[in-house]
Each structure stands twice: as C-alpha cells, then as structure tokens.
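> Let me give you the structure first, and then I'll get to my questions.
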Amino acid sequence: MLAGLGLLFFLLPLAGLIVRAPWDQALAGLTAPETATALELSLFSSVAATAAALVLGIPLALVLSRTTGNLRSVMRALTALPMVLPPVVGGVALLLAFGRRGLVGSLLYQLFGIQIPFSTTAAVMAETFVAMPFLVIAVEAGLRSLDPRYEEAARALGAGGWMVFLRVTLPLLRPAVFSGAVLCWARALGEFGATITFAGNFPGRTQTVPVAVYVALETRPESAIVLSLILLAVSVAILAGMRDRWLGAL
C-alpha cells in the first residue's frame, strides 16, 4: 500500500497536467510567436551546452578515470556538486564568477569590454554548469568498464597517446558518450534556476522554455501548460530511449 501511495505521488501531478491540458488550444499555443522563439532559443542553448560539455567533459572524465586516491575523490565531488547544488545557488555562483564585478568577469569587462550575464552566452553557460556532470559521470563509468588490453595493444604497435584515444578509446566509448550526451541535453533543456539567475528573462535572448513556463503561468496559464507538455514529452522520450543503457545500469 505504501509503495502504491509512493507511485501515486509521482503519477498524480503528471495526470493533472495531462487531464487539465487545453488540447483544443495546443496547436495555437505551439504556433504562437513567443512560444516558437522560446523553443528555438531552448534548442540552440541546450545543443550548445551539450557541445561544450562534450569538449570539456570527455577529457575531465578521462582524467577522473585515471586518477586515484584523495585527489580523485575531491575532483569527483567538485564535478558532481552541480547535481546536488540548488540551481539558483549555481546561478548566483556563476554571477559572482563571471559577472561584471566577478572574479573573471571583471577582467573580461575591463580588458575587452565583454559582459556575459543576461545574454545568450550566459544561458548556455548556466545550462552547461548544471548539465555537464551527467555526461562526465556516464563517460567515466564507460571508461572504467573498458578492457585496458585494447589500449595496451595499440601502444605496443606504436600508436601514440592521441592515436590510441581517437582510434581505440573513443570508438569503444561511443555508447557511454551517446548516453551521457542525451542526458546532458535533456537536463540542459529543462534548466530554470541557474538560467533565470545568471541570464535573466529576456524574450528572444535568454527566455528559454522553462523560463517562459514560469512567466506564462501568471498571465497565460494555457500556454504554460502547453509548454510543460512539450518538456514532459521530451522527458518521457528520453527515459523510454535510455531505459536499457541508463536506468538498467542503476
């Protein structure tokens, strides 16, 4: 009975969203200019965040998988911290680091006149900050499951470090990289707290779908429900496609 209550706790909010959805207005809501703009921006920023996570996260996962001792524990804790950190706190931290008066942002502004906060770049950075740990953890797990004899054989045949990584390690890691990238993209697509804190709410520039849902909930609840259904559909599709590779591994 308690298990059933626990399952209902997850199902009832989703059922309420589906039952109360204005299906007769769904098409009009999807084709509205502000909805299309938010969707376009969300797709761009989430894909850009995933690309940045791939460039930075795969080398980080490689270092984590090759590191031992206390250093590995500290690095893993720092990498996983955005997963448990409240997103709003992450946004404040980004603002204090890259803001106009931040640790790095002040130098960028003084030397080059660059302001990162409240821009599309800020939205991409916020999404990368909260989403990259999912990719790093997935790729690190894939690296630890690899048979090291393949890499050793390649080195014995004269392949250098980069050649071993590109021709042996990376192809073997393809399933882990794909899984991590999909999860990273899904998390970036749904990011709200860090985005609205660090990037703000500017339609066409930083107003992603989650931010648009929050704004529309006060004035246009039908549009908010339609946008929520889009994110729900994406989440269900991700879970359905990754059930064997991710949920089964858990």
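Readers should treat all values here as calculations from the given coordinates under stated rules, not as data from a laboratory. On a predicted model such as this, the values are computed, not experimentally measured, just so you know. Note that we place each Cβ from the backbone using ideal geometry, even for glycine, and neighbour counts take in every protein chain shown.
> Out of (1) buried (at least 16 other Cβ atoms within 10 Å of the Cβ); (2) closer than 15 Å to Thr197 by Cα; (3) more than 16 Å from the chain's Cα centre (by Cα); (4) among the aliphatic types (A, V, I, L, M), what's the single condition that is false for Ala126?
Result: Ala126 passes all but (3).
> Right, here's the next one. What are the residues in segment 174-195 that are surrounded by 19 or more Cβ atoms within 10 Å (Cβ to Cβ) and without any contact (Cβ under 8 Å) to a residue 40 or more places away in the chain, if any?
Ala176, the sole residue that qualifies.
> Oh, and also: Give just the number: which of (1) farther than 18 Å from Gly91 by Cβ; (2) touching a Phe, Trp or Tyr at 6+ places or on another chain (Cβ under 8 Å) does Leu231 not satisfy?
Result: Leu231 fails condition (2) only.
> What is the number of the single condition among (1) of a type outside the set (Lys, Arg); (2) over 24 Å from Pro82 (Cβ atoms); (3) in a loop (DSSP other than H, G, I, E, B); (4) under 23 Å from the mean Cα position of the chain (by Cα) that Val215 does not meet?
Checking Val215 against (1) of a type outside the set (Lys, Arg); (2) over 24 Å from Pro82 (Cβ atoms); (3) in a loop (DSSP other than H, G, I, E, B); (4) under 23 Å from the mean Cα position of the chain (by Cα), the one that fails is (3).
> Residues in segment 112-121: is at least one assigned to a helix (DSSP H, G or I), surrounded by fewer than 17 Cβ atoms within 10 Å (Cβ to Cβ) and not β-branched (Val, Ile, Thr)?
yes
> Here's something else I'd like to know. Have a look at Leu227, Leu217, Leu146 and point out the one that is of a type in the set (A, V, I, L, M, F, W, C) and loosely packed, with under 15 Cβ neighbours inside 10 Å.
Leu217
> Among the residues of segment 171-206, write down those that are outside any helix (DSSP H, G or I) and under 25 Å from Pro33 (Cα atoms).
Once the filter is applied, which keeps residues that are outside any helix (DSSP H, G or I) and under 25 Å from Pro33 (Cα atoms), segment 171-206 yields Gly190, Glu191, Phe192, Ala199, Gly200, Asn201, Phe202, Pro203, Gly204, Arg205, Thr206.
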